[in-house]
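S.K.: Questions regarding the structure given below will be posed in turn.
Laboratory data are not the source of any read-out in this text; all were calculated from the coordinates shown. A quick note: this is a predicted structure, and the numbers were derived from the prediction, not measured.
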Amino acid sequence: MNAFTDCVKLKRPQEKSLGHGHIVKATGKGRVLLNIAIGHNQIQRCELKDVVFVQALSYNLFSVSKITKAGKIIVVVISSERAIMDRNQRIFARAI
């Protein structure tokens with residue numbers, strides 16, 4: 001839970017489905033701060049809210065469908081190019 005700035009234990013675990021259909025149990029929920037590389041030597045801090053904690057996972061997952069449904073950003077995938085854009089279609093991060 002090192003990435004969480006705050007995290008509260010859920011009263012009851014929530015089942016979450018991963019991309020390949022595997023079900024895991026989330027036991028906490030909170031906020032995470034990310035540092036996103038946006039250019040040469042440029043870092044932008046981004047706060048994610050309502051992030052769930054799943055102890056069984058040994059890696060972090062980012063739900064593209066959840067963040068785009070929230071209307072915050074647009075994720076663009078064209079061939080091998082992957083970018084995250086704001087609502088004004090300005091690219092602020094690229095996958096490497």
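S.K.: Based on C-alpha coordinates, I'd like the Rg and Dmax of segment 1-61, in Å.
M.R.: Expressed in Å, the Cα Rg and Dmax of segment 1-61 come to 13.6, 44.
S.K.: Report the extension gain between Lys25 and Ile91 in nm, rounded to one decimal, defined as 0.36 nm multiplied by the number of residues separating them, less their alpha carbon distance.
M.R.: Full extension from Lys25 to Ile91 adds 20.4 nm.
S.K.: What length, rounded to one decimal in nm, is gained on full extension from His40 through to Lys9, with 0.36 nm per residue of separation minus their alpha-carbon distance?
M.R.: 7.3 nm
S.K.: Another question, if that's okay. Straight-line reach only, C-alpha to C-alpha below 20 angstrom: list the lysines that Lys66 could link to, leaving out same-chain residues fewer than 8 apart.
M.R.: Within the straight-line limit of under 20 Å, Lys66 reaches these lysines: Lys16, Lys25, Lys29, Lys49.
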